[in-house]
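Data first, discussion second: the structure below is written as structure tokens.
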């Protein structure tokens, strides 16, 4: 009997999703894993590709783009296994590595999440730990984090990347899943925070490994509308909502205001030093300011 269900949310990502499912197919054939794919109303034939090439995976066609967290929640409605593997379509993980994640949760009754060592660039691995705070946003200094390196023993943390995580179904259901107000970004940050606050544990382990190509859909967007692989229109409202939700409106407003002033100061400094402009403030102003994401309820 299957103990884990892979929950994948797709949007314009058919080829990468097909590769991810190819990697998991042997576990399905052995009766170890189920898969649920929620397609967020892709316009490029992603859903049809998955239906034709991987009929063993349960496909849910959303009538509109729900975003990542809401898409995962929809997929989770089909989960009846003790564990769920929440994963992006551009992540590759082998069945034996999924089994190693299960071992981490099996041996720890209060462990809600286990994340693998995920390579996202040449010789670079995803970090764990360090929930954002108003101070880290205002100062521009990210919280201290630790890379999850292959071979490292399981360690307790307070945050892991949502690109791939094994989660105990009981814990996910106790929190009613991802907060639906996060359309994209910070949904797993909020989930980890709520899990820890609720007495659950978040773990990372180098015994399991995965690969994440990362941000493929976002990189297809005009560079002026993103920073790296993050879309401004969703990243900043989600960050503001996270700070507002967990630290209060005043500290959230102050952090965002200081961030704006710091960006302007750096722009002026580069002009005075005759260095190439990065237009930090102008880039930031392309995204909403002090705006909470809409509540879909």
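Residues in the stretch 104-119 that are over 13 Å from residue 206 (Cβ atoms) and buried (at least 19 other Cβ atoms within 10 Å of the Cβ): how many?
Matching residues across the stretch 104-119 total 4.
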*Could you please find all residues in the stretch 120-129 being surrounded by fewer than 20 Cβ atoms within 10 Å (Cβ to Cβ), part of a loop (DSSP other than H, G, I, E, B) and touching a strand residue (DSSP E or B) at 6+ places or on another chain (Cβ under 8 Å)?*
129
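Take residue 171 and tell me if it is touching a residue at least 24 places away in the same chain (Cβ under 8 Å) and part of a strand (DSSP E or B). Let's see the steps before the verdict.
Values: touching a residue at least 24 places away in the same chain (Cβ under 8 Å): yes; part of a strand (DSSP E or B): no.
Judged against the criteria, residue 171 is not a match.
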*asked:* Taking the conditions exactly as written (under 16 Å from the mean Cα position of the chain (by Cα) and at pLDDT 95 or above), does residue 108 satisfy them or not?
replied: no
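Restricting to the stretch 33-55, give me the number of residues that are touching a strand residue (DSSP E or B) at 6+ places or on another chain (Cβ under 8 Å) and within 26 Å of residue 82 (Cβ to Cβ).
Taking the stretch 33-55 first, the residues touching a strand residue (DSSP E or B) at 6+ places or on another chain (Cβ under 8 Å) are 33-42, 46-47, 50-51, 54.
Going one step further and asking which of them are within 26 Å of residue 82 (Cβ to Cβ), we end up with 33-39, 50, 54.
Result for the stretch 33-55: 9.
Does residue 187 fit the bill of being outside the structural domain of residue 261 (by TED's automatic domain parsing) and at pLDDT 95 or above?
Numbers: outside the structural domain of residue 261 (by TED's automatic domain parsing): yes; at pLDDT 95 or above: yes.
In short, yes.
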*Which one of these does residue 101 not meet: (1) in contact with a helix residue (DSSP H, G or I) (Cβ under 7 Å, 6 or more places away or on another chain); (2) surrounded by 15 or more Cβ atoms within 10 Å (Cβ to Cβ)?*
(1)
_Which pairs turn up if I take residues in the stretch 278-297 that are at positive phi and look for partners that are surrounded by 15 or more Cβ atoms within 10 Å (Cβ to Cβ) with beta carbon separation below 8 Å, at least 6 apart in sequence or on another chain?_
279/267; 290/240; 290/253; 290/256
_If I filter the stretch 134-141 for residues that are assigned to a loop (DSSP other than H, G, I, E, B) and surrounded by fewer than 20 Cβ atoms within 10 Å (Cβ to Cβ), do I get at least one hit?_
yes
*Within the stretch 241-287, how many residues are over 21 Å from the mean Cα position of the chain (by Cα) and not in a helix (DSSP H, G or I)?*
10
*Has the stretch 143-158 got any residue that is crowded, with 21+ Cβ neighbours inside 10 Å, modelled with pLDDT of 95 or more and not in a loop (DSSP other than H, G, I, E, B)?*
yes
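From the list 247, 212, 234, exactly one residue is over 26 Å from residue 20 (Cβ atoms), surrounded by 15 or more Cβ atoms within 10 Å (Cβ to Cβ) and modelled with pLDDT of 60 or more. Which is it? Reasoning before the result, please.
Details: 212 fails: over 26 Å from residue 20 (Cβ atoms); 234 fails: over 26 Å from residue 20 (Cβ atoms).
None of the other options fit; the residue is 247.
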*Could you list, in sequence order, all residues of the stretch 263-276 that are surrounded by 12 or more Cβ atoms within 10 Å (Cβ to Cβ) and touching a helix residue (DSSP H, G or I) at 6+ places or on another chain (Cβ under 8 Å)?*
263, 264, 266, 267
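The values are calculated or read from the model by the stated rules, or taken from the named source; none is laboratory data. Please read all numbers here as calculations on a predicted model, not as lab measurements. Please note: Cβ atoms are built from the backbone with ideal geometry, for glycine as well, and neighbour counts cover all protein chains shown.
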